[in-house]
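Below is one structure, written out as structure tokens; comments come after it.
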Amino acid sequence: MIQLSGAGKRFGPKLLFDDLDWLITPKERAGLVGGNGTGKSTLLKVIGGLESLDYGSINYTKGIRIGYLPQDGLRVEGRTVFAECMSVFEAVKDLEIELEQLSARMSELDPASEEYAQVADRFERADSEFRARDGYTIESQCGAVLTGLGFRKEDWGRQTEEFSGGWQMRLALAKLLLEKPNLLLLDEPTNHLDLEARTWLEEYLTNYENAFILISHDRYFLDVTVKKIVEIWNKKVQFYTGGYEKYRQQKAERLAQLEAAYKNQQDKIQQLEAFINRFRYQATKAKQVQSRIKELEKIERIELPPEEKTIHFSFPQPKASGRVVAECKGVSKHYGSKRVLDDVNFTIERGDRIALLGVNGAGKSTLIKLLAGTEPLTAGEYRLGHNVEPDYFAQDQYKELDVNARLLDDLSSAAPRTTQTELRNLLGCFLFSEDDVFKQIGVLSGGERNRYALARMLLHPSNFLLLDEPTNHLDIRAKDVLLESLERFTGTVVFVSHDRYFIEHLATRIFEVADGTVHVFPGNYADYLWRKAGGPETAPTIADVLIGVPPAEPVLMPAPETAKSGKRLNPMKLKQMQEQAKQLEDRIAELESHIQQSELSLSDFAGPEQAVRLANLLESQRAELDRVMAEWEDVSGQIEATA
């Protein structure tokens, strides 16, 4: 269908890729992966004919139809949502109009006349074409795609200009899917989709009759939809069979094989060079020396690609909060006659990592704003616990930044004790590399500013993080850095995300926002899916859910004891206990710092004796932390009971 031969592309002086040979078949189902700036979007545009090659050639089958969806920037206006989708079928509608005219014409003509025969022949051919294009089902096709992508039926009659940029991109995707081109080119199609719409799109693409190539930073989406991974790395394009997880396995195996071949070749080269150097000046060995010199010259040297750096960043841990972080009792939120939340009740405890799930418009962002205190309650009571300091990351967090400051300077002023190397590593994790770190915040796009705002917040996290879609605009590497930092975070996190891998590996509880209330599900995303499907109490992994593996035996965990009310203390005793709690909090912070340092030291292997000593030290530090934490909880509980 499409043949790329020796294809290469530059972006200014930078070579993105070269020597690419790729035959794109009528049933191609490929995912493009690679680091930020490697040329994924550029390659997609080259295939779509929107950009030209600098080297090589690209040839297309005659009559091929290609549909391309960029990351953002598309906008339409002047029609209703449904009419905009129906505009895809203008040729079919023209056929329908022609059929009506032909039918009316035949009713006026003499069936025995030659003109009638000609009109009837044209009617038959037009009707066959109309049926082949599913002309009788175009309205239902539009409805099915709009519903699948999250448009409610009451929205179909609204003007397109009333919708935000994300919904505009959903509409553009809907039109492409309805057009059914021979080749779909989708650049991060899941960016603006919630979980339900992503799941629907996965099923649609799985059953799609033609070819597609897509870019996505959603591992699960790639695993379900594609049968081939095409990676751009180190200016070369490599092909892997299977989804994302198989690609990771195959890449590791290829690298191991390459390293083994490189080692064997180096051993061979050293042997030849040693022989040549040893006998170079002995006349009796001249023939053998020349033979080995020729053999050495014929060796095609294996080159190892540069090592992909895995960056870890140690974020400072926050001070400890009370066991109960936040409580909602009978909370309601209304906007005029619209009732978003009604009589919501739940408790958030220290260490919880809660994912807020629900369809778009269910009230997830409203709930997280209520928790952050940026939205007032309509009714009910919301109370923060002892020592709780909330920090809210909004979808438009970039509006709070100083637009005149440079990235590195601004980050350095926020963390004066952090080295420039560490700060640049952190910026690199969030896709700001090389000269990007010297850019002014004001020249960045909204997505880039949000990425930077997230990195900045993680330098000094509070003990109660409220994150509204923090994974937006992050590639897989940046998501991994964020995920790792939040997994090691000792505070409490409530977050909204549409990335299932991120939810699965971070969440300890799921709050589903639906029908004006909040349903609480213990466990991670796989547990949530299992329970939603009517499974027993204990769920397997998310992979097991997808393939139907039965769950393990349930393990019943005891419910946490609630603090009992005590007698009111006299002021002197209360002050002493508050001072004791403060000393214990300082000790907890000190121990957490020591533990973090010991973990870092243990990761740098310096011999078995040192490793054993550090392991024992780490174990004793953790035991001491548990003891001090228990003492602090007891004192804090007594203080809270007097409130």
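Read the figures in this text as sums done on the coordinates, not as results from a lab. All figures in this text were calculated on a predicted structure; none of them were measured in a lab. With ideal geometry, Cβ positions are generated from the backbone for all residues, glycine too; neighbour counts draw on all protein chains shown.
For every other residue with a beta carbon closer than 13 angstrom to the beta carbon of Phe279, add +1 if it is Lys or Arg and -1 if Asp or Glu, then tell me the sum.
Working: positive: Arg278, Arg280, Lys285, Lys287, Arg292; negative: Glu273.
Counting the neighbours of Phe279, the net charge comes to +4.
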Note to self: Sort 431-443, 350-362, 324-336 by packing, meaning the average of other beta carbons within 10 Å per residue, with the highest value first.
What the structure shows: 350-362, 324-336, 431-443
Next item on the list: Sequence neighbours fewer than 8 away in the same chain don't count; with that in mind, list the lysines whose C-alpha is under 20 Å from Lys153.
Entry: Lys175, Lys338
Checklist line | CD proxy at 222 nm, helix term only [per DSSP H run n ≥ 4: -39500 (n - 2.57); per residue of the chain; nearest 500] | finding: -14500 deg cm²/dmol
Item checked: Where labels lie 7 Å past Cα in the beta-carbon direction, separation of Lys329 and Ser5 in nm -> 7.7 nm
Notebook entry, point to check: Hey, what did the chain get for relative contact order, percent, Cα under 8 Å, at least 6 apart?
Noted result: 12 percent
Next item on the list: Counting other beta carbons within 10 Å of each Cβ, put Thr378, Thr38, Thr284 in order, fewest first.
Entry: Thr284, Thr378, Thr38
Next item on the list: Using only the alpha carbons of region 345-395, determine the length spanned along each of the three principal axes and report them from longest to shortest in whole angstroms.
Entry: 33, 25, 22
Checklist line | Alpha-carbon Rg/Rh ratio, for region 249-298, with Rh computed the Kirkwood way | finding: 1.24
Margin query: Bins of 5 Å, beginning at zero and ending with the bin holding the largest distance: percent of Cα pairs per bin for region 19-139, please.
Written below: 2, 8, 12, 13, 11, 11, 11, 10, 8, 6, 4, 3, 1, 1, 0
Notebook entry, point to check: Just going by the charge dipole of the chain, with Lys and Arg at +1 and Asp and Glu at -1 on Cβ, which of His505, Ala172, Ala256 is farthest out on the positive end?
Noted result: Ala256
Next item on the list: Using Cα positions and a limit of under 30 Å, work out the lysines in reach of Lys298, with same-chain residues fewer than 8 apart set aside.
Entry: Lys235, Lys236, Lys251, Lys263, Lys268, Lys285, Lys287
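Ranked highest first by average number of other Cβ atoms within 10 Å, how do 92-101, 235-244, 167-176, 213-222 line up?
Details: 92-101: 14.4, 235-244: 17.0, 167-176: 21.5, 213-222: 23.8.
Ranking the peptides 92-101, 235-244, 167-176, 213-222 by packing returns 213-222, 167-176, 235-244, 92-101.
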Notebook entry, point to check: Which log10 I(q)/I(0) values, to two decimals, does region 324-522 give at q = 0.08, 0.15 Å⁻¹ under the Debye formula with one point per Cα?
Noted result: -0.28, -0.93
Notebook entry, point to check: With a sphere of radius 14 Å drawn around the Cβ of Lys246, what net charge do the other residues whose Cβ falls strictly inside it have (Lys, Arg +1; Asp, Glu -1)?
Noted result: +3
Notebook entry, point to check: For region 386-478, what's the relative contact order in percent, using C-alpha pairs closer than 8 Å and at least 6 residues apart?
Noted result: 50 percent
Checklist line | Cysteines without a disulfide-compatible partner [the chain; Cβ-Cβ under 4.7 Å] | finding: Cys328, Cys429
Note to self: Highest mean first, how do 250-256, 506-512 rank when packing is the count of other Cβ atoms within 10 Å averaged over residues?
What the structure shows: 506-512, 250-256
Next item on the list: First check a/c for the chain, with a ≥ b ≥ c the square roots of the eigenvalues of its C-alpha gyration tensor; if it is under 1.5, answer rounded, and if not, answer prolate when a/b is larger than b/c or oblate otherwise.
Entry: oblate
Item checked: Point-to-point label distance, Ala623-Lys532, nm (Cα→Cβ direction, 7 Å offset) -> 4.4 nm
Check: Leaving out same-chain residues fewer than 8 places away, which aspartates and glutamates sit with a Cα under 19 Å from that of Lys9?
Finding: Asp18, Asp19, Asp21, Glu51, Asp54, Asp187, Glu231
Item checked: Tensor-based shape of region 31-78 (alpha-carbon gyration tensor, a/c under 1.5 rounded, otherwise prolate or oblate) -> oblate
